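See structure below.
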Amino acid sequence: MEKREEILNLLERNAKLTAAEIAVMIDRPVEEVEATIASLENANIILGYRALVNWEKTVAAPVTALIEVRVAPQRDQGFDNIAQRICRFPQVKDCYLMSGSFDLMVIIEDASLKDVAMFVSEKIAPLEAVISTGTHFILKKYKMNGTEFFGQDDDPREAVIL
Amino acid sequence: MNLNDFLSTNSKSIPPSAIRRFFDLANEMRGQVISLSIGEPDFVTPIDIREAGIRSLEQGNTHYSPNQGFIELREAISDYMKRRFQLRYDASHEILVTVGGSEAIDLFVRAVVNPGDEVIIPEPCFVSYKSCVLLAGGIPVTIPCRQEDDFKLRPEQLQAALTPRTKLVFLGFPNNPTGAVLEKNEVEALAEVLRNQPVLVLADELYAELTYEPASHCSIAAVPGMRDRTVIINGFSKAFAMTGWRIGFACGPQELIGAMNKIHQYAIMSSPTTAQEAALVALRDGENHVVAMREEYNRRRRYVVQACRDAGLACFEPLGAFYVFPDIRPTGMTSSAFCEAFLSEEKVAIVPGNAFGDCGEGFVRISYAASMENIIKAMQRLKAFVGRCIQHD
């Protein structure tokens, strides 16, 4: 694996690793690792460093919904224009152009079922290019960004194996 | 009736573990500590191998296999040994599938050792060697591998230990607990000592897949003249993270494998069918998993070695297995005292070096078969702990 990709893999798994720790792990000088990370940040390859939160264990627990949006593509712009308009709403967590029976998959996070429903009917559905929407509420999260939410913390192995 | 009077001399000859107290303490604190004390991969068996086991059960393959193991698996082992180590073994007579590498070690010793035969065991080493020899009535002759020799067996040490009564030499490299690897020229030098002696070799190569650049594993059986007096013990536990499946194998000349199979067929009958079918998939499709695990181990290895040195402990660079074996003598403590205090005060379990032979005293075994998150936490605590120990002196 290229060192740059190896650094990305390590940070994607644990963004709290320091450049010094990574340098030891991949056997490169710390200055080189720092420079590589800086260039990845400048090139917008690393877009941010965030905590992966299981909100279901908090009082804030928001509602997440997956919205299938069918869109009439616009001349010269395809789906980009409408996608960018949808992305501007802060409730929109993710937005992807899809192959298959609908065009945009929009993931919404809001305080309640009603908030999500209102958002879709008031903000997404009325957009001119939008032909139809289909809303699916997420009931339970099992795995997110590669992390299993039901993973056991305890080491199942024996205490000492020689 | 005192039942102890009924125990055989051989079974009573096995000494109790040197680290009994540490064992008890570690078991008591299990679940509350970070365990770097475990000699098995933290990885779960890769999912396609697990599914092969499930498929085997779903198809109702719940019967005995041939004593030696399914021929398809033995053929796959033969291909694997050729592909990975340039060694040729005939699947029909020179390969035996066993219940883990441990069974194979015991079988080979029982097949060749007579009461009074001497067996050379370089230490520190895996804990079963000495006991297997004692159970067979043999006499273990240990050789201390030293830190100043990078924990490798020196040819002159081997030469000095040979006597007319020597029957067998153990070679456990890549080594548990030190992580030492023997390079080609070093294996050749050892072979040179043995060449004109009537002795056999048990090459325990369970960790052969886990070596890190610039090191690579070289089997003594690959040295001209050595194949026909060597039995290689290998398995799936370490390379494919399959410890709980209990499956390993031995490769060697027909006479030796045949004798081992005779004991195996009466003591064990055959290896688990489910495990054999999963192991077949491991050999056919598992290479990419081995590579990925090795890369991850290597990152952890570098991190732990550096952390030990930063903590003030001299540490030989291990290029094999998944252990680091730092020298804790600057703390003035014994290995057991060090590990017991580290466990109680910092809630991290590591293993006293003397568990692996007397010459392991003054060292500790740190296993990096654990998550990077836990390793980082444990190494921060090691630094704090060693700092306190050295200050007190």
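Taking the highest mean first, how do the peptides B:268-279, B:14-25 order by number of other beta carbon atoms within 10 angstrom per residue?
Numbers: B:268-279: 21.3, B:14-25: 15.1.
Packing proxy ranking, top to bottom: B:268-279, B:14-25.
Sorted by average packing, counted as other Cβ atoms within 10 angstrom per residue and highest first, what order do A:33-42, B:358-367 take?
B:358-367, A:33-42
Can you give the alpha-carbon Rg of the range A:3-42 over 2.2 N^0.38 Å, where N counts its residues? Kindly include the intermediate steps, with their values, before the conclusion.
On the way: Rg = 8.8 Å, N = 40, 2.2 N^0.38 = 8.9 Å.
Dividing the Cα Rg of the range A:3-42 by 2.2 N^0.38 Å gives 0.98.
Can you tell me the Rg and the Dmax, both Å, for the Cα atoms in the range A:1-110?
Looking at the range A:1-110, its Cα Rg and Dmax stand at 18.9, 52 Å.
For a paramagnetic label modelled at 7 Å from the Cα of A:His136 toward its Cβ, which residues of the range A:75-93 fall within the zone defined by backbone nitrogen distances under 19 Å?
Once the point is set 7 Å along Cα→Cβ of A:His136, A:92-93 turn out to lie under 19 Å by backbone N, inside the range A:75-93.
Sort the following peptides by mean Cβ neighbour count (other Cβ atoms within 10 Å, averaged over residues), highest first: A:9-21, B:248-260, A:43-55. Could the numbers behind the result be given before it?
Details: A:9-21: 14.5, B:248-260: 22.7, A:43-55: 9.7.
Result, highest mean Cβ count within 10 Å first: B:248-260, A:9-21, A:43-55.
Indicate, rounded to the nearest 5 percent, the antiparallel portion of the DSSP beta bridges found entirely in the range B:154-313. Write down the numbers at each step before the final one.
Working: 4 of 12 bridges.
Of all bridge pairs located within the range B:154-313, approximately 35 percent are antiparallel.
Provide the FRET efficiency to the nearest 0.05 for the B:Glu295-A:Thr58 pair, computing r from the beta carbons and using R0 = 22 Å. Spell out each step's value before the answer.
Values: r = 36 Å, r/R0 = 1.63.
Working from the Cβ atoms, E equals 0.05.
Enter the accessible area of B:Glu148 (Å², nearest 10), with the probe set to 1.4 Å and all protein chains included.
We get 140 Å² for B:Glu148.
In peptide B:301-307, what is the residue-averaged number of other protein chain Cβ atoms found within 10 Å of each Cβ?
Details: counts 1, 5, 5, 1, 1, 6, 2.
Mean partner shielding for this stretch: 3.
Binning at 10 angstrom from zero up to the longest distance, how are the C-alpha pair distances of the range A:58-162 distributed in percent?
Going out from 0 Å in 10 Å bins, the range A:58-162 shows 13, 40, 23, 11, 7, 5, 1 percent.
Report, by chain and number, residues whose modeled amide H sits under 5 Å from the one on B:Thr334, excluding near sequence neighbours (fewer than 5 apart, same chain).
none
Distance in nm between label sites at A:Ser99 and B:Ser344, each 7 Å beyond Cα in the beta-carbon direction?
Distance between label points: 6.4 nm.
Which FRET efficiency, nearest 0.05, do B:Asn196 and A:Glu148 yield, Cβ-Cβ r, R0 60 Å?
Values: r = 59 Å, r/R0 = 0.98.
That gives a FRET efficiency of 0.55.
Taking the alpha-carbon distance from A:Lys123 and a cut-off under 16 Å, which lysines remain once sequence neighbours fewer than 8 residues away in the same chain are dropped?
A:Lys93, A:Lys114
From the protein chains alone at 1.4 Å, what is the descending order of accessible area for B:His264, B:His217, B:His93, largest first?
On the way: B:His264 0, B:His217 30, B:His93 85 Å².
Most to least solvent-accessible, the answer reads B:His93, B:His217, B:His264.
Could you give the alpha-carbon Rg of the range B:47-285 over 2.2 N^0.38 Å, rounded to two decimals? If you can, show how the numbers build up before the last one.
Working: Rg = 17.4 Å, N = 239, 2.2 N^0.38 = 17.6 Å.
Working it through for the range B:47-285, the quotient is 0.99.
In square angstrom, what is the accessible area per residue of chain B with a 1.4 angstrom probe?
On the way: 15920 Å² over 393 residues.
Here the residues of chain B average 41 Å² of exposed surface.
Would you mind getting the accessible area per residue of chain A, heavy atoms of the protein chains only, 1.4 Å probe, in Å²? Don't skip to the answer; put the middle values down first.
On the way: 10800 Å² over 162 residues.
It amounts to 67 Å² per residue over chain A.
Towards the positive end of the charge dipole of the protein assembly as shown, with charges on Cβ (+1 Lys, Arg; -1 Asp, Glu), say which of A:Val30, B:Leu158, A:Cys95 has the farthest Cα.
With unit charges placed on the Cβ atoms, the residue in question is B:Leu158.
Shape verdict for the range B:260-306, please, from the Cα gyration tensor: rounded (a/c under 1.5), prolate (a/b greater than b/c) or oblate.
Numbers: a/c = 4.78, a/b = 2.09, b/c = 2.28.
Taking the square roots of the gyration eigenvalues as a ≥ b ≥ c, the range B:260-306 is oblate.
Can you list the equivalent-ellipsoid semi-axes of the protein assembly as shown, largest first and in whole Å, using the square root of 5 times each Cα gyration tensor eigenvalue?
Numbers: eigenvalues 539, 168, 103 Å².
Values for the protein assembly as shown, descending: 52, 29, 23 Å.
Averaged across A:17-28, how many Cβ atoms of other chains sit within 10 Å of each residue's Cβ atom? Numbers along the way, then the final one.
On the way: counts 3, 1, 0, 1, 7, 2, 2, 8, 9, 5, 6, 0.
For peptide A:17-28, the averaged partner shielding equals 4.
Out of all DSSP beta bridges in the protein assembly as shown, what portion is antiparallel? Express it as a percent rounded to 5. Let's see the in-between values first.
Details: 36 of 56 bridges.
In the protein assembly as shown, DSSP labels about 65 percent of beta bridges as antiparallel.
Among B:Cys315, A:Ala125, A:Phe149, whose Cα lies farthest out toward the positive end of the dipole of the protein assembly as shown, if unit charges sit on the beta carbon of Lys, Arg (+1) and Asp, Glu (-1)?
Of the candidates, A:Phe149 comes out farthest on the positive side.
Let me spell out the model: positive unit charges on the Cβ of Lys and Arg, negative unit charges on the Cβ of Asp and Glu, origin at the Cα centre of the range A:3-42. What dipole size does that give, in debye rounded to 20?
100
Taking a cut-off of 13 Å between Cα atoms, list the aspartates and glutamates near A:Lys3, but don't count ones fewer than 8 places away on the same chain.
Hits, sequence-local ones excluded: A:Asp27, A:Glu32, A:Glu34, B:Glu295.
Please report the buried accessible area for the interface of B with A, total over both chains, probe 1.4 Å, in Å² to the nearest 100.
Working: alone 16900 and 11930 Å², together 26720 Å².
Summed over both sides, the interface buries about 2100 Å².
Within the set of other residues whose C-beta is less than 12 Å from the C-beta of A:Thr64, count the net charge using Lys and Arg as +1 and Asp and Glu as -1. Intermediate results must be reported in sequence, preceding the final value.
Details: positive: A:Lys93, A:Lys140, A:Lys141; negative: A:Glu56, A:Asp94, A:Glu109, A:Asp110, A:Asp115.
Charge balance near A:Thr64 sits at -2.
What percentage of the solvent-accessible surface of the protein assembly as shown, computed with a 1.4 Å probe over protein heavy atoms, is contributed by carbon and sulfur atoms? Please report the intermediate quantities before stating the final value.
On the way: 13460 of 26720 Å².
C and S fraction of accessible area: 50 percent.
Antiparallel DSSP bridges in chain B: what percent, to the nearest 5? Walk me through the numbers on the way to the answer.
On the way: 14 of 33 bridges.
The antiparallel fraction comes to roughly 40 percent.
Give the calculated FRET efficiency between B:Ile268 and B:Asp228 to the nearest 0.05, with a Förster radius of 35 Å applied to their Cβ-Cβ distance. Don't jump to the answer; show the numbers that get you there.
Details: r = 26 Å, r/R0 = 0.73.
After rounding to 0.05, the efficiency reads 0.85.
Work out which residues of the range A:141-161 lose at minimum 50 square angstrom of accessible surface when the other protein chains are put back, relative to the chain isolated, with a 1.4 angstrom probe, and list them by number.
Relative to the lone chain, where solvent access is computed with a 1.4 Å probe, the range A:141-161 loses at least 50 Å² at A:Arg157, A:Ala159, A:Val160, A:Ile161.
With contacts defined as alpha carbon pairs under 8 Å and 6 or more residues apart, what's the relative contact order of chain B in percent?
On the way: 763 pairs, mean separation 93.4, N = 393.
Computed value for chain B: 24 percent relative contact order.
In the neighborhood of A:Ser121, defined by Cβ-to-Cβ distances under 14 Å, what is the net charge if each Lys or Arg adds +1 and each Asp or Glu adds -1?
Surrounding charge for A:Ser121 is -1.
Taking the Cα-to-Cβ direction at B:Gln32 and at A:Ala35 and moving 7 Å from each Cα, how far apart do the two end points lie in nm?
Calculated label separation equals 5.0 nm.
The values are calculated or read from the model by the stated rules, or taken from the named source; none is laboratory data. For clarity, every value in this text was computed on a predicted model and none was experimentally measured. In this analysis, Cβ positions are derived from the backbone assuming ideal geometry, glycine residues included, and neighbour counts consider all displayed protein chains. These area figures cover heavy atoms from the full protein model, side chains too; ligands, DNA and RNA do not enter into them. Shrake-Rupley method; radii C 1.70, N 1.55, O 1.52, S 1.80 Å.
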